[in-house]
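Colleague: Before I ask anything, here is the structure I am working with.
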Amino acid sequence: NLLFLMSQIRSSTNRILVQEMERRGIRNVSPADGDVLYVVARYQPVEMGEISKHTHRDKSTIAGTVKGLVMKGYVTRTRAREDFRKYNVRLTRKAILLAPILREISESFRGSLLKGFKKEEVYLLGQFLERMQSNLEDSE
């Protein structure tokens, strides 16, 4: 079953990423934290609603994740100047120093995950996954 297989891949991915981070001494960053850190690094300063859109997680989940990242010292959260009801999130120096390690883990994992795939197959797989994500978004 396709859904079961996708679930198994996600579980294995999370387990392997956590093991690899722990091997490198990173014990307080979960895969969900990593997703948020990636979005913040790419778009900072970024409003929490935008993080929600990019990660496909609801705003309350993002609020909790960001709060945890603030407590761990990886991000700061400040009120947006243009709308004081919103918050902007930025990486701290601690997170910026961690980024190359997380990028290296990600690249290594990607290599393992896609081992044996041809370039064209990787491209097609990406296209199929994007289409699936789009279909799900259309269903919401």
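Colleague: Treating the range 25-82 as a set of equal point scatterers at the Cα positions, no solvent, please give the Debye-formula log₁₀ I(q)/I(0) at q = 0.26 Å⁻¹.
Modeller: Each listed q maps to, in turn, -1.17.
Colleague: GNM, the chain, Cα, under 10 Å: largest mean-square fluctuation among L98, L113, L129?
Modeller: Comparing L98, L113, L129 in a Gaussian network model of the chain, the most mobile one is L129.
Colleague: Near K94, which lysines are there with a Cα under 18 Å away, not counting those fewer than 8 places off in the same chain?
Modeller: K94 reaches K67, K72.
Colleague: Report the Rg/Rh value for the range 1-98, based on alpha-carbon coordinates and the Kirkwood definition of Rh.
Modeller: Numbers: Rg = 14.7 Å, Rh = 14.3 Å.
Looking at the range 1-98, the ratio lands at 1.02.
Colleague: On to the next question. Helix-only estimate, please: 222 nm mean residue ellipticity of the chain, summing -39500 (n - 2.57) across DSSP H runs of length 4 or more and dividing by its residues, to the nearest 500.
Modeller: After summing the helix terms and dividing by the residues of the chain, the value is -23500 deg cm²/dmol.
Colleague: Order D138, D33, D58 by their accessible area, 1.4 angstrom probe, all chains in place, largest first.
Modeller: Numbers: D138 120, D33 15, D58 85 Å².
Largest to smallest exposure gives the sequence D138, D58, D33.
Colleague: Moving to a separate point now. Which order do L3, L124 take by accessible area at a 1.4 Å probe, largest first?
Modeller: So, going from the largest accessible area down, we get L3, L124.
Colleague: What does the charge dipole of the chain about its Cα centre add up to, to the nearest 20 debye, if the Cβ of each Lys and Arg holds +1 and the Cβ of each Asp and Glu holds -1?
Modeller: 680 debye
Colleague: Next question, about the same structure. Could you tell me what percent of the accessible area of the range 18-140 is made up of carbon and sulfur, with a 1.4 Å probe and every protein chain present?
Modeller: The value for the range 18-140 is 52 percent carbon and sulfur by accessible area.
Colleague: Where a ≥ b ≥ c are the square roots of the eigenvalues of the C-alpha gyration tensor, would you call the range 1-47 rounded, which needs a/c under 1.5, or, failing that, prolate if a/b is larger than b/c, or oblate?
Modeller: oblate
Colleague: Counting only chymotrypsin sites (Phe, Trp or Tyr not before Pro) that sit in a DSSP loop (anything but H, G, I, E, B) with at most 16 other Cβ atoms within 10 Å, what is the longest stretch of the chain containing none of them?
Modeller: 1-83
The values are calculated or read from the model by the stated rules, or taken from the named source; none is laboratory data. If you're wondering where the values come from, they're calculated on a predicted model, not measured in any experiment. Every residue, glycine as well, gets a Cβ built from its backbone with ideal geometry; the counts of neighbours run over all protein chains shown. Note: accessible area is taken over every heavy atom of the protein model, side chains too, but ligands, DNA and RNA are not part of it. Shrake-Rupley method; radii C 1.70, N 1.55, O 1.52, S 1.80 Å.
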